[in-house]
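The block underneath contains the structure these notes are about, expressed in structure tokens.
We did not get these values from a lab; they are worked out from the coordinates using the rules stated. Predicted, not measured: the structure shown is a model, and the values here were computed from it. Every residue, glycine among them, receives a Cβ derived from its backbone with ideal geometry; neighbour counts consider all protein chains shown.
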Amino acid sequence: MANRLTGKVALITGAARGMGKAEARIFAQEGARVIVADVLDTEGRRVASEINRSQAGCAEYVHLDVTLASDWENAVSTAERSFGALHILVNNAGILSLAGVEQTTEAEWQRIVDVNQKGTWLGMKAAAPALRRAGGGSMVNISSIYGLIGSGGAAAYHGTKGAIRILSKTAAAEFAPANIRVNSVHPGIITTPMVEPLAQDLRKNIASAGCIKRAGRPEEVAYGVLFLASDEASYVTGAELVIDGGYTAL
Ligand code: NAD
């Protein structure tokens, strides 16, 4: 199937690499015009120009630190100015800290909350008026399996990913009258730069603990995000899409 996002404009945060980059590429292949947003300007610009060089691709890079309301205002207005509207927001940017409850410092806690949790809220707040102006749309918030289950570490990460799950549900109720759907996605271990610092043994152990005994690929999450972003998911809101190779099934 192609052209699943024809006529749509999507803003994807953290799109310079990893899963956000895969989403930007696949959304463009499916006909969306894409705002590639990140703090990694060189890598982000490269993603946008790769999309623009590819067949029928259309993308623009915007510097967006998701913790800053002023950056959000600029990103949303760039989408409307360059592409005429905004229909889809993917709150994908995120950072990881492995420290447990006792090891986490206040500064580290705040940093993770600012990017993962506040960034997701600010994104929905900034994008909602534009999605309303477009007649409705879809917000997809990237949580984690660690927003569903514990792991015995990564305290601040778990806290923020759990918050994204429930924030998505209340936003789904708030925005439904405006024809805006909001869902959360819960990836398992996916091979991206985020998990590179984890020791290879740890990555292997986590990846082999699910039903499908390997780590996931960024594209395998991006296709789930594509579904939720598209009109195919017109009756799906306030839902959790788990993409983890069956890790949480066991
Ligand atoms: P990644 O580190 O490869 O990419 C994250 C991107 O977010 C980077 O491009 C980074 O520059 C950007 N970013 C960080 N802080 C930002 C900020 N303040 N403003 C804007 N952009 C910022 O990670 P990934 O694995 O592709 O992760 C994408 C999302 O998926 C994250 O929310 C992550 O928590 C989540 N996730 C990842 C995994 C995994 O195993 N990789 C599993 C579950 C959930």
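Just a few scattered comments:
- Residues of type aspartates and glutamates that Lys8 reaches as a straight line, Cα spacing below 16 Å, ignoring anything fewer than 8 places off in the same chain: Glu23, Glu30, Glu60, Glu80, Asp231, Glu232
- For the chain, a crude dipole built from +1 on the beta carbon of Lys and Arg and -1 on the beta carbon of Asp and Glu, taken about the Cα centre, is about 460 debye to the nearest 20.
- Listed peptides 203-214, 220-231 appear in the order 220-231, 203-214 once ranked by packing, highest mean of other Cβ atoms within 10 Å at the front.
- Per-selection metrics, segment 103-250 (Cα): Rg and Dmax in Å: 16.0, 49
- Computed over the chain, relative contact order equals 19 percent, with contacts defined as Cα pairs under 8 Å that lie 6+ residues apart.
- Full-extension gain in nm, Gln200 to Ile149, via 0.36 nm per residue minus C-alpha separation: 16.2 nm
- Across every direction, the projection of the convex hull enclosing the Cα atoms of segment 31-148 has a mean area of 8.5 nm².
- Estimated 222 nm signal from helices in the chain, with DSSP H stretches of n ≥ 4 weighted -39500 (n - 2.57), rounded to 500: -13000 deg cm²/dmol
- Centroid-to-centroid separation of segment 131-165 and segment 1-52 [C-alpha atoms, Å]: 20 Å
- Candidate cross-link partners of Lys125 among the lysines, defined by an alpha-carbon separation under 19 Å and a same-chain spacing of 8 or more, comprise Lys161, Lys169.
- Taking the average, over residues, of other Cβ atoms within 10 Å as the packing measure, peptides 28-40, 173-185, 232-244 rank 28-40, 173-185, 232-244 from highest down.
- Positive-end extreme of charge dipole, segment 82-230 - chosen from Gly136, Gln200, Ile189 (charges on Cβ): Gly136
- Listed by chain and number, the aspartates and glutamates placed with their C-alpha closer than 20 angstrom to that of Lys204 are Glu196, Glu219, Glu220, Asp244; residues fewer than eight positions away on the same chain are left out.
- Paired Rg and Dmax values of segment 1-56, which use every Cα atom, in angstrom: 10.3, 32
- Charge tally for His87 (other residues, Cβ to Cβ under 12 Å; Lys, Arg +1; Asp, Glu -1): +3.
- Degrees between helix 41-53 axis and first principal axis of the chain (Cα, 0 to 90, nearest 10): 50 degrees
- Computed over segment 125-173, the alpha-carbon pair-distance distribution with 10 angstrom bins reads 24, 42, 24, 10, 1, each value a whole percent.
- Mean separation of Cα pairs under 8 Å and 6 or more residues apart, divided by the residue count, gives segment 137-203 a relative contact order of 42 percent.
- Relative contact order (%) - segment 197-250, alpha-carbon pairs under 8 angstrom, separation at least six: 48 percent
- Förster radius 51 Å - calculated FRET efficiency between Lys213 and Glu102, Cβ distance, rounded to 0.05: 0.95
- As computed over the chain, the Cα convex hull volume per residue (Å³): 120 Å³
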